[in-house]
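None of the figures in this text is laboratory data; all of them are computed from the coordinates on show. Quick caveat: nothing in here was measured; it's all calculated off a predicted structure. When we count neighbours, we look across all protein chains shown, and the Cβ atoms used for this are built from the backbone with ideal geometry, even at glycine.
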Amino acid sequence: MADVVLENVTKKFGNHTALDNVSLTIPDGSFVVLLGPTGAGKTTTLRMVSGLDRPDSGNIYFGGRSVEGHTPAQRNVAMVFQQYSLYPHLTVRQNLEFPLKSPLLKTPREAIDRKVNAIAEVLQISHKLDNKATALSGGEMQRVSIGRALVRTPQIYLMDEPLSSLDAKLRADLRIELKNIQAKSGATLLYVTHDQIEAMTMATHIGVLHEGRLVQFGSPREVYEHPVSIYAATKLGQPRINIIPADTFPGAPSRAVHIGLRPEHITQGSGQDALVRRVEHLGDQTRLHLSFRKNDLITVTDAHTRLKSGDTVKIQPDKPLYFDAAGMRLA
Amino acid sequence: MSSYSVTEPSGRQKLFAGTLVILYALITILPLLWIIGTSFKSPSDAIAYPPKTFFSPTLEGYVNLFTTRTRATEEDVKALGEPTTWYDRIVRKDGFIIAGPSRFMERFSNSIVIGFGSTVLCIVLGTAAAYAFSRFKVPLKDDLLFFILSTRMMPPIAVAIPIFLMFRSLGLNDTHLGMILLYTAVNLSLAVWLLKGFIDEIPIEYEEAALIDGYTRFQAFYKVVLPQAMTGIASTAIFCLIFAWNEYAFAVLLTSGTAQTAPPFIPTIIGVGGQDWPAVAAGATLFLVPVMIFTIVLRKHLLRGITFGAVRK
Ligand SMILES: Nc1ncnc2c1ncn2[C@@H]1O[C@H](COP(=O)(O)OP(=O)(O)OP(=O)(O)O)[C@@H](O)[C@H]1O
Ligand SMILES: [Mg+2]
């Protein structure tokens, strides 16, 4: 394992810039999550690191050495593809064995069996090992494709939305497993997800991509509490951050155009009146949809609240974030 | 209520379809049965009118196919003593003695060498070219593909004379190599086009996965693309073999001895001692066997083609 560094990486497809001067350091042993909407360049970033595609300009370093022109095999990377890409002519077991049998690893037979069985256990697919890869459900295919990466100990694991088609329970299980594996082996991961919980719970670092640019990079807490822009602020937090005009509450700095308020940063009980429009009981918490001076706000409250729609409640902002006209945060 | 399914045909539909298929199969197989039947008739049964459906089978046709015979006087036959083998006996009955083996085995093995040789070469070159056309940025790709196909826009025999002259100056006349190269050249355009279609269907993600898994590009091709292209390769190989196997005009023109294949040879059997239709039919029957075996061996891959759509992304 080693630090992986992207330095001013730019990639164009025709005249569309998929990655624009991205610089990113993935420290050894870290779990870096890339966030960004569809088309932001997340998959493209993984492909640059993997060696499947070359940057138009910029460099990539593994452990301080440039890997320019190196094949994926030479870089020794493992990747879970967004489209699982299992080998359809092979069984599940053969799919899992495939990387171990490569000229790169040439693993002895008993080590292959031991690793494959162990991974199958973790991913809960032991009973499907002799199935043809095409005779699986989408979620099973996805687990096999994670397994095909996890049987190896590469320089870096690249995972492109690896848990996207799993059900909630399995997803929670595998989140913990992945985190465990990473913590135990000290593996380095570059991980793409749309799932906030995955990002918050697993990441040591979060990178926010916006139209091919890396707009923020930092710890999950940092990105959550100090987002650099409205865009970055909306990438984390469930329910989403409320964005309202700056003059809704007094006290905004002069250049502020928007206020960003996390749902938990709206304190209730004092301040000004807001109308409760809808109450969503989620079990462990309750979401309130409020109407405040023609703005819609969402906040969370205690699970056993007696509020119902039509009530009024006094609210007041706590730790508001201020953004300028371009959506950049004001310090 | 009878169960109704959109995709599953009803019993009556199945019966109708089955009947049609069987009828069609009978019509196609009839000439084959006729030839096979004729190969077991005696020469007089073979030309009997009206044709005989029932006859006493004999191997005379096959014996005549594999031997050359001369008419012998009774003293000569006597001097030879009793016939020692079953085929001696068949020949003697008509007052002939066996002079030696015919050239059929040689021609037949020429057919095998040239037919399978050109098929293998064609598949190797065709797969490589199709893969390159499918995966790489080839300059002028579309023009090249069109150009390749244009070689099939006239009957190959139209260029017989230039080929004949070329072969003569290259010393390829009547050689196995020459015929293999010629049939490969004729089949290659079709092979490239067919195979490119099949390889295009294989998502590139599989090769990328193999590259990530530690394989080189060539190993990825070999381990991942080839197995998935087997359906295409099998059907293309059958097409190539059938063309090379049955080709007549070039074989007549360019081969006469060493490299002569079976198609120009079989009709010459007629000439020896009258109209020997059973021997011709025997030659044709044996001639069918290799292509049939080849097709049956590859059938497994052809059928798999139907389930090929199970590739999921
Ligand atoms: N091979 C390609 N040819 C042309 N354009 C491409 C290619 N690959 C990606 N792009 C473009 O580059 C941009 C970034 O694509 P990328 O696949 O990295 O997005 P992503 O962040 O992974 O999105 P998603 O969340 O939908 O997977 C997109 O606009 C896409 O259309
Ligand atoms: Mg993607």
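A few points about this structure:
- Proximal lysines relative to A:Lys12, as straight alpha-carbon distance under 29 Å, when same-chain residues fewer than 8 apart are discounted: A:Lys42, A:Lys235, B:Lys137, B:Lys141, B:Lys196, B:Lys313
- For B:Arg69, nonlocal amide neighbours, meaning residues 5 or more places apart or on other chains whose placed amide H falls under 5 Å from its own, are B:Ala99.
- Percent of beta bridges antiparallel (DSSP, the protein assembly as shown, rounded to nearest 5): 75 percent
- The range B:105-268: relative contact order in percent, alpha carbon pairs under 8 Å with at least 6 residues between: 42 percent
- Only helical runs count toward this figure. For the protein assembly as shown, summing -39,500 (n - 2.57) over DSSP H runs of n ≥ 4 and dividing by all residues gives -14000 deg cm²/dmol at 222 nm.
- Look at the dipole of the protein assembly as shown built from charges on Cβ: of A:Gly58, A:Ala326, B:Phe108, the Cα furthest out on the positive end belongs to A:Ala326.
- ³J(HN,Hα), Karplus 6.51/-1.76/1.60, whole Hz, each residue of the range B:30-41, x for Gly, Pro: 4, x, 5, 4, 4, 5, 4, x, 4, 5, 9, 8
- Between B:Leu288, A:Ile243, B:Ser150, the Cα set farthest toward the positive side of the dipole of the protein assembly as shown (charges on each charged residue's Cβ, about the Cα centre) is that of A:Ile243.
- Magnitude of the charge dipole, the range B:1-152, Cβ model with Lys/Arg +1 and Asp/Glu -1, debye to 20: 480 debye
- Under a 5 Å amide H cut-off, with hydrogens placed 1.01 Å from N, A:Arg277 pairs with A:His289, A:Leu290, A:Ser291, A:Gly310 among residues at least 5 apart or on other chains.
- All alpha carbon pair distances within chain A were sorted into 20 Å bins beginning at 0; the resulting P(r) in whole percents reads 28, 49, 22, 2.
- Cross-link reach list, lysines versus A:Lys314, counting only Cα pairs under 19 Å and skipping chain neighbours closer than eight places: A:Lys294
- Rounded to the nearest Hz, the phi-derived 3J(HN,Hα) couplings of the range A:192-200 under the Karplus curve 6.51 cos²θ - 1.76 cosθ + 1.60 (θ = phi - 60°) are 9, 8, 9, 8, 4, 5, 4, 4, 5, where x marks glycine and proline.
- Annotation for the range B:127-163: trypsin sites (Lys or Arg not before Pro) lying in DSSP loop with at most 16 further Cβ atoms inside 10 Å of their Cβ are B:Lys137, B:Arg152.
- 12 Å beta-carbon shell around A:Ala18, net charge (K/R +1, D/E -1): +1
- When you restrict to C-alpha pairs under 8 Å that are six or more residues apart and normalise by the size of the range A:4-234, the relative contact order lands at 28 percent.
- Against chain B, whose longest principal axis is taken from its Cα atoms, helix B:141-150 shows a tilt of about 20°.
- Scanning residues 5 or more positions from A:Leu35 or on other chains, those with amide H under 5 Å from its amide H are A:Gly207, A:Val208, A:Leu209, with H placed 1.01 Å from N in the peptide plane.
- The range B:105-268 - Rg over Rh from alpha carbon coordinates, Kirkwood radius: 1.05
- Seen from A:Phe292, the other residues with C-beta closer than 14 Å to its C-beta sum to a net charge of +1, counting Lys and Arg as +1 and Asp and Glu as -1.
- DSSP-assigned coil residues among chymotrypsin sites (Phe, Trp or Tyr not before Pro) in the range B:1-85, each with at most 10 further Cβ atoms within 10 Å: B:Tyr4, B:Phe54
- Per-residue average of Cβ from other chains inside 10 Å of B:214-221: 5
- Gaussian network model of chain B, Cα within-10 Å springs - most flexible of B:Ala281, B:Ala234, B:Ala132: B:Ala132
- Using alpha-carbon coordinates, inclination of helix B:176-200 to the longest axis of chain B, degrees: 40 degrees
- Ratio Rg/Rh [Cα only; Rh per Kirkwood] for the protein assembly as shown: 1.19
- GluC sites (Glu not before Pro) restricted to DSSP loop in the range A:33-130 with at most 14 other C-beta within 10 Å: A:Glu68
- Antiparallel %, DSSP beta bridges [both residues in chain A], to 5: 75 percent
- Simple Cβ-charge dipole of the protein assembly as shown, Lys/Arg +1 and Asp/Glu -1, about Cα centre, in debye nearest 20: 540 debye
- Degrees separating the helix B:104-135 axis from the principal Cα axis of chain B, which is the longest one: 10 degrees
- The residue among B:Gln275, B:Pro263, A:Val67 whose Cα reaches farthest toward the positive pole of the charge dipole of the protein assembly as shown, with charges on the beta-carbon of Lys, Arg, Asp and Glu, is A:Val67.
- A:Leu35 sits among other residues whose Cβ lies under 12 Å from its own Cβ, and their net charge, with Lys and Arg +1 and Asp and Glu -1, is -1.
- Scattering from the range A:53-163 was approximated by placing one identical point on each alpha carbon and applying the Debye formula without solvent; log10 I(q)/I(0) at 0.17, 0.20 1/Å stands at -0.82, -1.05.
- Average other protein chain Cβ within 10 Å of Cβ, residues B:199-209: 4
- Assigned charges on the beta-carbon of Lys, Arg, Asp, Glu; chain A dipole about Cα centre (debye): 360 debye
- Efficiency of FRET from Cβ geometry, A:Ile176 and A:Ala135, R₀ 25 Å, rounded to 0.05: 0.35
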